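One structure below.
The values are calculated or read from the model by the stated rules, or taken from the named source; none is laboratory data. All values derive from a computational prediction rather than experimental measurement. Don't worry about glycine lacking a Cβ; one is built from the backbone with ideal geometry, like all the others, and counts go over all protein chains shown.
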Amino acid sequence: MNYVAKVLIVDDTPENIGVLFELLNTHHFDVFIAQSGENALQIAESESPDIVLLDIMMPGGMDGFEVCRQLKANEMTSDIPVIFMTALAETGDKIRGFKLGAVDYVTKPFHQEEVLARIDTHLTLRALQQQLQLKNKHLQQEIEERKRIEEELQVANQTLQQLANLDGLTLIANRRRFDEYLTQSWQHHQYIKKPLALLFCDIDYFKNYNDHYGHLMGDDCLQKVATALSKATRKPCDLAARYGGEEFALVLPETRLEDAIRIAQRLQSIIADLKLEHASSKVSPYITLSIGVVVTIPTPEQSPQMLLAKADQALYRAKTQGRNQIVTQE
């Protein structure tokens, strides 16, 4: 079914209305009539015509110019093309009409072919404009949808990245993230020439703990120790990580030896306050940690692996010397 275009005729002269109505009705337009400016504005808002034929010289206080101005000021009618009808030929009136938003003029007396041609032209332009607006709307929707999807993907990627860097059980940094962060910190501290500290920690007699209490309790213990490590850190740049099994590590950027020892002592204090029973421990009735501490100012002649080796040596000494203690390594 073909669409029938709506035309609003605004004129106070019955003869003009009759001529235009017959012409447009014959050419299968849906025609509306308004004989005053006020009535024209009401019909335009309620019927949404596709085009308005508007007489300039209207009775009362609202002439065609004012009707056009109000049509263009109303969001509901601002896009409707307005063709002025006038017997006036002064250039000033035409300019004024165009400035108000009119798209064309026809002069009285009417030439039917001209009226039809101008109406067809502006209906075609309006249809093209509406198509363009619709395409732009769809394009904007596609852009917004794509932006939404990209934002969701970005969040998902960030989440995956975070998950890839976390230990699944304890939810602190995993070994992969630890190795990456230690290397980055090493390179940075070579440049700034400031001390980098590393703590290696081991839960004392954890195998005995698992054998005695079971692996579920063991997992719970590991989670509590990981939380304690996070609480013991001082700065946002400090990294607590699960190194493997019951071994944990703390990377402490820009940290001197005395400060690193204080953090190790704070960690042992937090663990002690937890009072996690460990009936099969040989050093305490509660869970304890052995901690190795090493601090160095990185140089090109050294490597992160050397720092790791020293921390491991310090931890080994802490365990061989009786456990539940802090040992430093030069």
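For the stretch 106-121, the candidate set comprises residues that are assigned to a helix (DSSP H, G or I) and not hydrophobic (A, V, I, L, M, F, W, C); within that set, the residue that is nearest to residue 13 (Cα to Cα) is 112.
Of the residues making up the stretch 254-295, those that are β-branched (Val, Ile, Thr) and either under 21 Å from residue 240 (Cα atoms) or free of Cβ contacts under 8 Å to residues at least 40 places away in the same chain (or both) are 255, 261, 263, 270, 271, 287, 288, 291, 293, 294, 295. Pairing each residue of the stretch 187-201 that is assigned by TED's automatic domain parsing to the domain that holds residue 308 and closer than 16 Å to residue 233 by Cβ with any residue that is assigned to a helix (DSSP H, G or I) and of a type in the set (Asp, Glu), provided the two are 6+ apart or on different chains, yields C-beta distances under 8 Å for 197/259; 200/312. The residues listed here are 60, 64; of these, the one that is surrounded by fewer than 16 Cβ atoms within 10 Å (Cβ to Cβ) and closer than 23 Å to residue 15 by Cα is 60. Taken as a whole, the condition of being surrounded by 15 or more Cβ atoms within 10 Å (Cβ to Cβ) and not aromatic (Phe, Trp, Tyr) applies to residue 19.
Could we say that residue 182 is of a type outside the set (Ser, Thr, Tyr) and either in contact with a Ser or Thr (Cβ under 6 Å, 6 or more places away or on another chain) or within 22 Å of residue 288 (Cβ to Cβ) (or both) here? So residue 182 does not fit the description; no.
Of the residues making up the stretch 231-269, those that are closer than 19 Å to residue 206 by Cβ and buried (at least 18 other Cβ atoms within 10 Å of the Cβ) are 232, 240, 241, 242, 243, 246, 248, 249, 250, 264, 267, 268. Within the stretch 284-330, being under 18 Å from residue 255 (Cβ atoms) and of a type in the set (Lys, Arg) holds for one residue alone: 310. Evaluate the following for residue 22: is it under 18 Å from residue 102 (Cβ atoms), of a type in the set (Asp, Glu) and in the same structural domain as residue 119 (by TED's automatic domain parsing)? Against the criterion (under 18 Å from residue 102 (Cβ atoms), of a type in the set (Asp, Glu) and in the same structural domain as residue 119 (by TED's automatic domain parsing)), residue 22 does not qualify.
Just one of the listed residues (308, 267, 315) is more than 16 Å from residue 225 (Cβ to Cβ) and outside any loop (DSSP other than H, G, I, E, B), namely 308.
Determine whether the stretch 199-214 contains at least one residue that is under 13 Å from residue 254 (Cβ atoms), part of a helix (DSSP H, G or I) and not hydrophobic (A, V, I, L, M, F, W, C). Scanning the stretch 199-214 turns up no residue that is under 13 Å from residue 254 (Cβ atoms), part of a helix (DSSP H, G or I) and not hydrophobic (A, V, I, L, M, F, W, C).
Only one entry of 139, 160, 171 meets the criterion of being outside any helix (DSSP H, G or I) and modelled with pLDDT under 95, and that entry is 171. Against the list (1) surrounded by fewer than 20 Cβ atoms within 10 Å (Cβ to Cβ); (2) in contact with a Ser or Thr (Cβ under 8 Å, 6 or more places away or on another chain); (3) closer than 30 Å to residue 209 by Cβ, the condition residue 293 fails is (1). Within the set 176, 146, 234, the sole residue that is outside any helix (DSSP H, G or I) and either of a type in the set (Asp, Glu) or at pLDDT below 95 (or both) turns out to be 234.
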